[in-house]
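The values are calculated or read from the model by the stated rules, or taken from the named source; none is laboratory data. Every value quoted in this text rests on a predicted model; they were computed, and no experiment measured them. Neighbour counts run over all protein chains shown; Cβ positions are idealised from the backbone, glycine included.
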């Protein structure tokens, strides 16, 4: 019996699954993926997010129209920075989909829930964007980064791609050192003089920039110095986000050491790294591990238990997880009509 639909809505892709209630790890009809959306905080973010979610979920429901999911949970990029947009998206999806409940939260929150199985610790989610989320034993919550491609997301796929393209253009101008990134940029985007237009051609510059991140990693692995410098800077920024989140969720349990850093006397903080950018492999992950090794807090690196889809499934079915204060949840208060009705007559919803 299908009991939940889980959606991971990022800026690059939107993935959806149906879960069988008899086995929470069982996907019904596999994962369906479509292009993502710029983020809920972006102009038109709700409209674009709604379209992406429906494009991902509806084909799964058509393949197995009954029984319908009891709940749908969406982890959406930009939800933390735009709670009103998250609420609006939840209300629209409740009208759109055959379910009695829709939950919307940040994709960083679903990544945390999936990676640590709903337990406490710090999760670094890196994809087109980047954010570190920490939840402490005392219920403390820390979100570090995730401010989007123009104000933050340091170390993310978009950040790495853009930094690599800047290095390529500096070489093209003669302002910077020669780099294999210039040839890679030409191969992927064409004439460097037209690169600004190429970044905006699909309406999602962050996603387009992030598509260059694997080229940066490849050049770094081949020994290109500018590419290696980009990834070293990315690793430093990502480690800073993790350590800041760890400090914020352990500050009440620690004391100051001689160097002024808080020292944590309890259990090591679990740390997991998740997201599509981990696919860059050692060119990024090796300097990231090195940057975390000097932490003033005892950290316990661990592989993620699950992905953001697993986290969305967990939050769809469990409103008692420590993540719940950061989830917008709306429920239907009347039976879903069998025929379309004008918007003014659609059933009301209430928030829980």
Completion exercise
Given the conditions (1) surrounded by 20 or more Cβ atoms within 10 Å (Cβ to Cβ); (2) more than 21 Å from the chain's Cα centre (by Cα), every one holds for residue 190 apart from (1)
Practice task
Can you tell me which residue among 234, 168 is at pLDDT 95 or above, closer than 30 Å to residue 302 by Cβ and surrounded by 19 or more Cβ atoms within 10 Å (Cβ to Cβ)?
Solution key: 234
Problem - Check on residue 335, in a helix (DSSP H, G or I), surrounded by fewer than 17 Cβ atoms within 10 Å (Cβ to Cβ) and at pLDDT below 90 - result: no
Completion exercise
Among (1) in contact (Cβ under 8 Å) with a residue 12 or more places away in the chain; (2) out of contact with any strand residue (DSSP E or B) (no Cβ under 6 Å at 6 or more places or on another chain); (3) on the phi < 0 side of the Ramachandran plot, residue 194 falls short only on (1)
Practice task
Go through region 104-127 and give me each residue that's in a loop (DSSP other than H, G, I, E, B) and under 21 Å from residue 234 (Cβ atoms).
Solution key: 127
Practice task
Test residue 10 against the criterion of being buried (at least 21 other Cβ atoms within 10 Å of the Cβ) and either assigned by TED's automatic domain parsing to the domain that holds residue 207 or at pLDDT below 90 (or both), and give yes or no.
Solution key: yes
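A quick yes/no check of all residues on (1) surrounded by fewer than 20 Cβ atoms within 10 Å (Cβ to Cβ); (2) touching a helix residue (DSSP H, G or I) at 6+ places or on another chain (Cβ under 7 Å); (3) closer than 21 Å to residue 308 by Cβ:
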position	(1), (2), (3)
43	yes, no, no
47	yes, no, no
51	yes, no, yes
57	no, no, yes
72	no, yes, yes
87	yes, no, yes
93	no, yes, yes
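Conditions (1) at pLDDT 95 or above; (2) in a helix (DSSP H, G or I); (3) not assigned by TED's automatic domain parsing to the domain that holds residue 200, marked per residue:
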| position | (1), (2), (3) |
| --- | --- |
| 31 | no, no, yes |
| 54 | yes, yes, yes |
| 58 | no, yes, yes |
| 66 | no, no, yes |
| 91 | yes, yes, yes |
